[in-house]
Amino acid sequence: MMRCAVIVFPGSNCDSDLYKAANSVEGMEAEYLWYTSESLEGYDAVLLPGGFSYGDALRAGALASQAPVLKALRRAADSGVYILGICNGFQILTECGLLPGALHRNSGLRFICDTVNLEVVNTDICFTSGYSRGAKQIRLPIAHGEGNYTCDTDTLRKLEDNAQIVFRYSGNNPNGSLAGIAGISNSKGNVLGMMPHPERAMAEWMGSSDGRILFESLMMRT
């Protein structure tokens, strides 16, 4: 059994979606964990949901990156625990330094809610091994106002050289993200941040089941 912690911050609003998605995968067992928790011992994976933690005060993810649970999250990442940050979770991972770069306001300065085409750039990490190398395009929903990924030239080069760019927008770049980046990993591949919502694409009746493959890929690593 793979034990997963879904971290709940004040203002999280996708935590229940993420909780249900993880628990729908055979062999996964997710439970909520409050942001004041100081230990992540016993968990195989930690999931940071989307939403508006702390009302996006200062900037998205900034205050959540200082929450007590983040100290434990850094220790967990260093020890090889799988960390997945979705939307606001991705913003938190960049704010706390577990992933490089930053998420800015969308280039059109508008909140975007849509379903987009994505290229799975790297199928060699724990989160994406289930995606076919020959069929890399998938469809996932997005819903964000600050999904415009940016970083300096040296960081972009390192991301490309180390195969840390995991997802790219395919065709239309909805938010102006640098190099079409929709998701990146750390150098070890156990920390993934992504703006699209795989937990909202778990079955065909939801419009796409492509998100389920990500959770099943993670499950296969245990």
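A short reminder: the numbers here are calculations on the coordinates, not readings from a lab. Predicted, not measured: the structure shown is a model, and the values here were computed from it. Cβ placement follows ideal geometry from the backbone for every residue including glycine, while neighbour counts extend to all protein chains displayed.
Ignoring lysines fewer than eight residues from Lys71 along the same chain, the ones with Cα atoms less than 25 angstrom from its Cα are Lys188.
Beyond 19 Å, what percent of the Cα pairs of region 66-222 remain? Display every interim value, and only then the final one.
Working: 6184 of 12246 pairs.
Here the long-distance tail beyond 19 Å is 50 percent of all Cα pairs in region 66-222.
Distance between the C-alpha centres of region 142-179 and region 60-120: 13 Å, rounded to the whole angstrom.
Shape class for region 163-218: oblate, because the ratio a/c of the largest to smallest gyration tensor axis (alpha-carbon atoms, square roots of eigenvalues) is 1.5 or more and b/c is at least a/b.
For the chain, which longest stretch is free of loop sites, where a loop site is one of the trypsin sites (Lys or Arg not before Pro) that DSSP puts outside H, G, I, E and B and that has at most 13 other Cβ atoms within 10 Å? Mind showing how you got there, number by number?
Values: sites that count: Arg110, Arg133, Lys188.
In short, 1-109.
Only aspartates and glutamates eight or more places from Lys158 in sequence, or on another chain, were considered; those with a Cα closer than 18 Å are Asp124. Counting only DSSP beta bridges whose two residues both lie in the chain, roughly 55 percent are antiparallel.
May I ask for the longest run of the chain untouched by GluC sites (Glu not before Pro) that are loop-located per DSSP and have at most 11 neighbouring C-beta atoms (other than their own) within 10 Å?
Numbers: sites that count: Glu26, Glu38, Glu41.
Segment 42-222 is the longest.
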